[in-house]
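Visitor: Structure provided below as structure tokens; questions to follow.
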Amino acid sequence: MEFCPECGCRLEPKKTEGSIVVLACTKCSYVKQAANNRAQAKVVKVIHPTSQPFMTVISEEEQKIKTMPTIHMKCEKCGNNMVYVWQVQTRGGDEASTQFMRCTKCGHTFREYS
């Protein structure tokens, strides 16, 4: 890995005309000829990370599994007295986790902030 002598950013391999590989700065216009063009041309691959747009707390398939812990709590929708319970860290690491409950009868999901 090499860095730009002008601004200090990482130099990324780029192909130019005639399949010549150069190292180009992502911030400024600095370009450097790659030291071993033939060797670097074989390994040129830029990977851009992708992020997921949302997080699924419990998927549809996991909802069918009945091994989750249960507690006695009244469902606010149907009045059933048994709910599944789990905790998720939805806020910062120094904050308390959020406790989720799902009714064993109607499937209504609600939460309780600790």
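Visitor: If a residue has to be over 17 Å from residue 67 (Cβ atoms), in a loop (DSSP other than H, G, I, E, B) and not β-branched (Val, Ile, Thr) to count, how many in the stretch 85-108 make the cut?
Guide: Residues flagged as over 17 Å from residue 67 (Cβ atoms), in a loop (DSSP other than H, G, I, E, B) and not β-branched (Val, Ile, Thr) within the stretch 85-108 amount to 11.
Visitor: Can you find, within the stretch 58-70, the residue that is farthest from residue 26 (Cα to Cα) among those that are at pLDDT 75 or above and of a type in the set (S, T, N, Q)?
Guide: Among them, the one singled out is 70.
Visitor: Among what's in the stretch 87-114 and is aromatic (Phe, Trp, Tyr) and within 24 Å of the chain's Cα centre (by Cα), pick the residue that is nearest to residue 58 (Cα to Cα).
Guide: So the residue we want is 100.
Visitor: Also: Going by the conditions given, is residue 89 at pLDDT 70 or above, surrounded by fewer than 14 Cβ atoms within 10 Å (Cβ to Cβ), of a type in the set (S, T, N, Q) and within 22 Å of residue 113 (Cβ to Cβ)?
Guide: In short, yes.
Visitor: Next question, about the same structure. When the residues of the stretch 74-86 are narrowed to those that are under 17 Å from residue 57 (Cα atoms) and touching a Ser or Thr at 6+ places or on another chain (Cβ under 8 Å), which ends up surrounded by the most Cβ atoms within 10 Å (Cβ to Cβ)?
Guide: 83
Visitor: Can you tell me how many residues in the stretch 7-57 are surrounded by 10 or more Cβ atoms within 10 Å (Cβ to Cβ) and at pLDDT 75 or above?
Guide: Here the count works out to 23.
The values are calculated or read from the model by the stated rules, or taken from the named source; none is laboratory data. Keep in mind that this is a model prediction, so the values were computed, not measured. A quick note on method: Cβ atoms are made from the backbone with ideal geometry, for glycine too, and the neighbour counts reach across all protein chains shown.
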